[in-house]
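Q: Let me begin by handing over the structure; questions about it come next.
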Amino acid sequence: MTNKAESTDWREGRRRSAHDAIIDAAWSLVSDEGLAGLSLRDLARRAGITAPTVYAYFDSKNAIYDAMFGRAATEFAERMAEPFECDDPREILTASARRFAHFCTNSPARYQLLFQRTIPGFEPSPESYAPAVRSLALARSRLALNGITEARHVDMWTALITGLVDQQVSNDPGGERWTRLIDESVAMFLTHCQPIQASRKRPSRPTRAKGIPT
C-alpha cells in the first residue's frame, strides 16, 4: 500500500512539474511575442517537448491561457496582500495603487491577460479567477478604511488606477509619464469621494416647530 501511494505521489509530482514547466515556457514566449503570439508549436519548442506532449497536459490553447491566468492572479493576490510599513489608511491606499502599477507595468503581457480582454473567446475558469476576487475584496477593504464604500466609487477607483496603468503601458512603456501621477490622482479621488460619503452619514437636524421654544 505504501509503495503504491508513493508511486502515485511521484507520478503526480512529475506531472505537476511538467505542467509548471510548460506554463513557464508559455510566459517566456508571450513576454517576447505578446499574448497573441502564443503558438503551440513554438511553445513546445521553447519547453523542449513535442506538440503532442503539450496536448497531454492541456486540451486547448485556452486551457493554457487559463493556467497562465491562474498563476498570474495568484502572484497578484499575494503581492497585493503583502503588508505595508505605514498604518495610515490614506498612505496605505496610495502605496497600494503604486504597488498595483508596478506589478502591471513590470509585465505588460501579464497585465493584459489579467485586466484586459486581449484574447478573443477566452474567459478564466472560476478556479483561476478566484485569486482576482480576493484581490478585489482586499481593495474594497482598503477603500472602506478611507470611508469609501459606495459601489460607484469602487468602480471609479478601479477605472482611475487601471486607466493610469493602461496609458503607461500603451504610450510610455518603461517610463513613468502616467504612473508618476498616482499620488496626485489618489488625493483627487479621496477629495471628491470623502465629502460625499461624510454628508450622507451626517445625521439630519430635527426640524424646529414655530412658536415652540427648544
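The values are calculated or read from the model by the stated rules, or taken from the named source; none is laboratory data. The structure displayed is predicted, hence computed values, not measured ones. With ideal geometry, Cβ positions are generated from the backbone for all residues, glycine too; neighbour counts draw on all protein chains shown.
Q: Can you say whether Ala132 is in contact with a Pro (Cβ under 9 Å, 6 or more places away or on another chain) and not in a loop (DSSP other than H, G, I, E, B), as far as the supplied structure shows?
A: yes
Q: Moving on to the next point. Which numbered condition in (1) outside the structural domain of Arg177 (by TED's automatic domain parsing); (2) touching a His at 6+ places or on another chain (Cβ under 9 Å) is the only one that Ala67 fails?
A: (1)
Q: Can Arg110 be described as in contact with a Ser or Thr (Cβ under 9 Å, 6 or more places away or on another chain), crowded, with 17+ Cβ neighbours inside 10 Å and assigned by TED's automatic domain parsing to the domain that holds Leu164?
A: Yes, satisfied.
Q: Right, something else. For segment 43-87, how many residues are of a type in the set (Ser, Thr, Tyr), over 19 Å from the mean Cα position of the chain (by Cα) and part of a helix (DSSP H, G or I)?
A: Here the count works out to 3.
Q: Looking at segment 88-104, is at least one residue among the hydroxyl-bearing types (Ser, Thr, Tyr), part of a helix (DSSP H, G or I) and closer than 30 Å to Glu33 by Cβ?
A: The answer is no; no qualifying residue exists.
Q: Does any residue of segment 115-125 turn out to be under 30 Å from Asp32 (Cβ atoms) and in a helix (DSSP H, G or I)?
A: Checked against the condition, which is being under 30 Å from Asp32 (Cβ atoms) and in a helix (DSSP H, G or I), segment 115-125 yields at least one hit.
Residues checked against (1) exposed (fewer than 13 other Cβ atoms within 10 Å of the Cβ); (2) charged (D, E, K, R):
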position	(1), (2)
Ala77	no, no
Asp88	yes, yes
Leu93	no, no
Ala97	no, no
Phe115	no, no
Val133	yes, no
Arg140	no, yes
Glu150	no, yes
Leu164	no, no
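Q: Another question about this same structure. Pairs needed: first member in segment 17-35, buried (at least 18 other Cβ atoms within 10 Å of the Cβ); second member anywhere, assigned to a loop (DSSP other than H, G, I, E, B); C-beta distance under 7 Å; at least 6 residues apart or different chains.
A: Ala26/Leu38; Leu29/Leu38; Val30/Leu38; Leu35/Thr118; Leu35/Ile119
Q: Which pairs turn up if I take residues in segment 160-183 that are assigned to a helix (DSSP H, G or I) and look for partners that are loosely packed, with under 13 Cβ neighbours inside 10 Å with beta carbon separation below 7 Å, at least 6 apart in sequence or on another chain?
A: Gln168/Arg177
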